[in-house]
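The values are calculated or read from the model by the stated rules, or taken from the named source; none is laboratory data. Please read all numbers here as calculations on a predicted model, not as lab measurements. For neighbour counting, all protein chains shown are included, and Cβ atoms are generated from backbone atoms with ideal geometry for every residue, glycine included.
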Amino acid sequence: MFSFTRKTEYALIALAELMQRREWDEQAVSARAIADQYRLPLPLLMNILKELNSADLVNSTRGSQGGYSLAVEPEQVSLLQVVELMEGPLRLVPCAGQDAEEEKADPCECQLMGDCLVHDAIQSLHGRIVEFLEQMTLADLLEQETDKRIPLMQAGN
C-alpha cells in the first residue's frame, strides 16, 4: 500500500488549521488546542510543529498568548515540501527518482536493476506523482474542504 505516515497527515492538519486561523485574522494557536480539536497525540504534534518551525513554515511564539502561526503564504508551499520534510525523499520503490549521482552515492540494491521490465514505467509514475505534489499547494488542499472548516472556539474548545 502506498501511503504517507501519520506524521505527514498530522502536519497537513496542523498547517490547514494554522492557514484557516490566518484567514480569520486570529492569533497563534497552541499545540494543545490543535491536538484536542483533532484528537491528535500532543507529543507527536509538538515534534511535528517544531520541525515545521525549523523549516520556517510556521512561527512559534512563547508566552500565555503564544502558540503557532503560519509563517508562509499557503500558495507558496507545495505538498511535496511538506511530505519530504516529514517523510524524507519520496520514493515509490528504492530505484525511483534517483539520478546518476544519487545512484552512485546510494546504489539501489534491486536484483533486477538493468533487467527490470517495469523500471521505466515506475520512473514515469514516480515523476507524475512528484509533479502533482509539487503543483498542489496548501491553499489548494484547503480549497476543497471549505464546508468543513469551523473555528476551534465554535467546536467547543
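Mind listing whichever residues of the range 41-56 are among the aliphatic types (A, V, I, L, M) and either buried (at least 20 other Cβ atoms within 10 Å of the Cβ) or not in a loop (DSSP other than H, G, I, E, B) (or both)? Walk me through how you get there before you give the answer.
So in the range 41-56, the residues among the aliphatic types (A, V, I, L, M) come out as 42, 44-46, 48-49, 52, 55.
LEU42, LEU44, LEU45, MET46, ILE48, LEU49, LEU52 - these are the residues of the range 41-56 that are among the aliphatic types (A, V, I, L, M) and either buried (at least 20 other Cβ atoms within 10 Å of the Cβ) or not in a loop (DSSP other than H, G, I, E, B) (or both).
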Looking at CYS95, CYS116, which is the one that is at pLDDT below 95 and closer than 23 Å to LEU133 by Cα? CYS95
When residues of the range 21-34 are filtered for being crowded, with 19+ Cβ neighbours inside 10 Å and in contact with a helix residue (DSSP H, G or I) (Cβ under 7 Å, 6 or more places away or on another chain), how many remain? 3
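Determine if the range 20-35 includes at least one residue that is among the aromatic types (Phe, Trp, Tyr) and either within 22 Å of VAL130 (Cα to Cα) or in contact with a strand residue (DSSP E or B) (Cβ under 8 Å, 6 or more places away or on another chain) (or both). Can you show your working first?
Filtering the range 20-35 for residues among the aromatic types (Phe, Trp, Tyr) gives 24.
Right, trim to either within 22 Å of VAL130 (Cα to Cα) or in contact with a strand residue (DSSP E or B) (Cβ under 8 Å, 6 or more places away or on another chain) (or both) and you get none.
Taking every residue of the range 20-35 in turn, none turns out to be among the aromatic types (Phe, Trp, Tyr) and either within 22 Å of VAL130 (Cα to Cα) or in contact with a strand residue (DSSP E or B) (Cβ under 8 Å, 6 or more places away or on another chain) (or both).
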Could you tell me which residue of the range 1-33 is farthest from VAL83 (Cα to Cα), considering only residues that are without any contact (Cβ under 8 Å) to a residue 24 or more places away in the chain and either β-branched (Val, Ile, Thr) or part of a loop (DSSP other than H, G, I, E, B) (or both)? ASP25
In the range 21-77, how many residues are more than 19 Å from the chain's Cα centre (by Cα) and among the basic types (Lys, Arg)? 2
Can you pull out the residues in the range 1-15 that are surrounded by 16 or more Cβ atoms within 10 Å (Cβ to Cβ) and more than 10 Å from the chain's Cα centre (by Cα)? none
